[in-house]
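Taking it in order: structure first as structure tokens, then the write-up.
The values are calculated or read from the model by the stated rules, or taken from the named source; none is laboratory data. Note that this is a predicted model, so its numbers are computed, not measured. Here Cβ is always computed from backbone atoms with ideal geometry, including for glycine, and neighbour counts include all displayed protein chains. Areas reflect the complete protein model, heavy atoms only, side chains present, ligands, DNA and RNA absent. Shrake-Rupley method; radii C 1.70, N 1.55, O 1.52, S 1.80 Å.
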Amino acid sequence: MLRPYKPFIPKGISEIIDYLGMMVLESPTFVDKTGYFPHRNLEVAFYELNEGLGLIRKTLGEERYLKLMEMSDRMRALFEADPEQKTGDTLKGCEIIHEMEDLLIQKARKS
């Protein structure tokens, strides 16, 4: 019997930065290869990321929040377009992850 999966929503800038690091490792499909989290997939990964960004929206400020959400959307489209890592879109998606990390680190330093 499968255990019910409760999504992990990162809380705070540091948890989101850590989460983005995990996303680099699990991209482009975000399927858990260990079998421990059979419900894990691209849909769940982006739900968790976007919900986490929503939790810190006020901390980020509206402009930075909207930019990060737009980056998330672009990144997701790239991963969806390259599930077998053959076109280079996965690499482009990972580059967006690093840009997102940089934006979050800048905000954390200013706080």
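What size of dipole, in debye to the nearest 20, comes out for region 47-108 about its Cα centre when the only charges are +1 on Lys and Arg C-beta atoms and -1 on Asp and Glu C-beta atoms? Write down the numbers at each step before the final one.
Details: 9 positive and 14 negative charges, 48 e Å.
Computed about the Cα centre, the dipole is about 240 debye.
The length gained by stretching the chain between Lys6 and His98 to full extension, at 0.36 nm per residue less their Cα-Cα distance, is 30.5 nm. Modelled label positions at Asn41 and Tyr65, each set 7 Å beyond Cα in the direction of Cβ, lie 2.9 nm from each other. For region 1-95, calculate the relative contact order in percent as a whole number, restricting contacts to Cα pairs under 8 Å that are 6 or more residues apart. Taking the mean separation of contacting Cα pairs over the length of region 1-95, I get 29 percent. Per the Debye formula with a single identical scatterer at each Cα and no solvent contribution, what log10 I(q)/I(0) holds for region 7-71 at q = 0.16, 0.26, 0.27, 0.28 Å⁻¹? Here the Debye-derived log intensity ratios amount to -0.52, -1.16, -1.22, -1.28.
Site pair Arg57 and Leu91 shows an inter-label distance of 3.6 nm when each label is modelled 7 Å from Cα along Cα→Cβ.
Using the Cα centre as the reference, give the magnitude of the dipole from point charges on the C-beta atoms of region 2-111 (Lys, Arg: +1; Asp, Glu: -1; all else neutral), rounded to the nearest 20 debye.
Values: 16 positive and 19 negative charges, 86 e Å.
Dipole size: approximately 420 debye.
Expressed as a whole percent, the accessible surface of the chain that belongs to carbon and sulfur atoms is 56, based on a 1.4 Å probe.
Eigenvalues of the Cα gyration tensor times 5, then square-rooted: what semi-axes does that give for the chain, in whole angstrom, largest first? Don't jump to the answer; show the numbers that get you there.
Numbers: eigenvalues 109, 64, 24 Å².
In descending order the semi-axes read 23, 18, 11 Å.
The distance linking region 77-111 with region 17-75 is 10 Å (Cα centroid to Cα centroid, whole angstrom).
Cross-link check: pairs Lys11/Lys58; Lys11/Lys92; Lys6/Lys67; Lys11/Lys110; Lys33/Lys67; Lys11/Lys67 evaluated at a Cα-Cα cut-off of 21 Å; pairs beyond the cut-off: Lys11/Lys92; Lys6/Lys67; Lys33/Lys67.
Helical content alone sets the calculated 222 nm signal of the chain at -22000 deg cm²/dmol, taking -39,500 (n - 2.57) per DSSP H segment of four or more residues and averaging over every residue. Basic side chains Lys and Arg get +1 at the Cβ, acidic Asp and Glu get -1 at the Cβ, and with that the dipole of region 19-84 about its Cα centre reaches some 260 debye.
Kindly state, to the nearest 0.05, the FRET efficiency for Val31 paired with Ser111, given R0 = 25 Å and r defined as their beta-carbon distance. Write out the running numbers ahead of the final one.
Numbers: r = 35 Å, r/R0 = 1.38.
The computed FRET efficiency comes out at 0.15.
Computed with a 1.4 Å probe over protein heavy atoms only, the accessible surface of the chain comes to 62 Å² per residue. Going by the alpha-carbon gyration tensor, a ≥ b ≥ c the square roots of its eigenvalues, is region 71-111 rounded (a/c under 1.5) or, if a/c is not under 1.5, prolate (a/b greater than b/c) versus oblate? Prolate.
Compared with the direct C-alpha span, the chain from Ala81 to Met22 gains 19.3 nm at full extension, assuming 0.36 nm per residue.
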